[in-house]
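Only one structure is covered here, and it is reproduced in the block below.
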Amino acid sequence: KQTGFSSLQAINPEVIGWLTLYDTPVDYPLLQSEDNHKYLSLDALGNSNSVGSIFLDYRSSSDFSDFNTIIYGHHVAGGQVFGSLKYFVDEDYFAKHRYGSIYYGGRERGLEILAILEADAYDETIYQPAVKTTEERQAYYQYLLSKAKHKRDVAVSASSKLVLLSTCYVDVTNGRHLLVAKITDKVTQGVATSAGTEKSGFLLGLADLYDRLTLVPVWMLFVLACVLLVLALMMIGVILYLRARLKTILTFSRKNNKEAI
């Protein structure tokens with residue numbers, strides 16, 4: 001990870017770290033620019049890319065010294081970038097995925113996942129980086145918990161460092177999923193297992209299918225539905241025809257048998 005980070009940073013100094021959530025697709029470099037638009041459509045090398053990159057809010061401190069650091073990433077079908085954050089809404093998945101790591105300032109630190117939120121993109125209470133006073137930090141954290149779909153009991157003080165991973169919540173206009181995690185000195189590895197993914201595999205597969213369908217134009221879905229309806233009616237017609245033919249054959253066979261007797 002350090003080698004990959006150093007190589008990327010040599011090419012693009014706006015690469016400031018690396019984010020990993022264990023047993024998920026999230027394992028990406030972190031970037032930060034002078035605004036929150038540049039890396040919506042650029043990769044870590046600065047090349048045009050429709051899925052963009054994972055990047056810090058331009059108002060956040062790049063050394064993660066703030067109480068709350070906001071990190072953005074696109075919701076991409078199939079779980080890429082931050083597309084897998086929706087999986088944490090599943091209670092079993094959330095329970096089995098608790099840890100990650102974050103690399104910055106030449107050192108790797110741990111992440112302990114606290115909560116998964118469903119919120120609005122225009123919620124200014126959440127989307128305010130670097131909350132300052134002790135009272136404001138306490139109120140901010142309590143507000144986060146009030147928006148949590150699932151949460152776990154983890155000690156958080158005014159001196160803690162939180163990261164909020166934000167992505168689109170495709171089912172709701174302006175909806176956002178935010179995964180909240182606490183930065184820790186201890187890096188806990190190998191805790192999450194694939195069991196969580198396997199157990200919820202069917203539900204997660206349906207979620208990915210839904211994501212993909214939302215990318216298809218409405219007219220195309222309508223045409224597909226019409227085609228499927230026509231095929232279903234044709235199949236029913238064939239079945240009824242075969243049933244009628246079979247009935248005719250059986251009736252004719254019985255009649256011949258009676259005449260023969």
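Overview of results
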quantity	calculated
Where segment 144-186 is the region considered: accessible area per residue in Å², 1.4 Å probe	47
Difference of contour (0.36 nm per residue) and Cα-Cα distance, Asp27 to Glu124	32.1 nm
For segment 16-104, Kirkwood radius (reciprocal of mean inverse C-alpha pair distance, Å)	13.7
Among 134-147, 66-79, 169-182, the order from most to least packed when residues are scored by Cβ within 10 Å on average	66-79, 169-182, 134-147
Rg/Rg_ref, segment 72-142, where Rg_ref = 2.2 N^0.38 Å and atoms are Cα	1.31
Pairwise label distance in nanometres, Leu40 with Ser65, each label 7 Å out on the Cα-Cβ vector	3.0
Zone of Ala225's modelled label, taken as backbone nitrogen in segment 169-188 under 19 Å from a point 7 Å along Cα→Cβ	171-172
Net charge of neighbours whose Cβ lies under 11 Å from the Cβ of Leu117, counting Lys and Arg as +1 and Asp and Glu as -1	+1
Thr134-Leu242 pseudo-label distance in nm [points 7 Å out on the Cα-to-Cβ vector]	7.8
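The values are calculated or read from the model by the stated rules, or taken from the named source; none is laboratory data. Predicted model, so just to flag it, every value in this text is computed and none were measured. Every residue, glycine among them, receives a Cβ derived from its backbone with ideal geometry; neighbour counts consider all protein chains shown. Remember, those area values only see protein heavy atoms, side chains included, never the ligands or the DNA or RNA. Shrake-Rupley method; radii C 1.70, N 1.55, O 1.52, S 1.80 Å.
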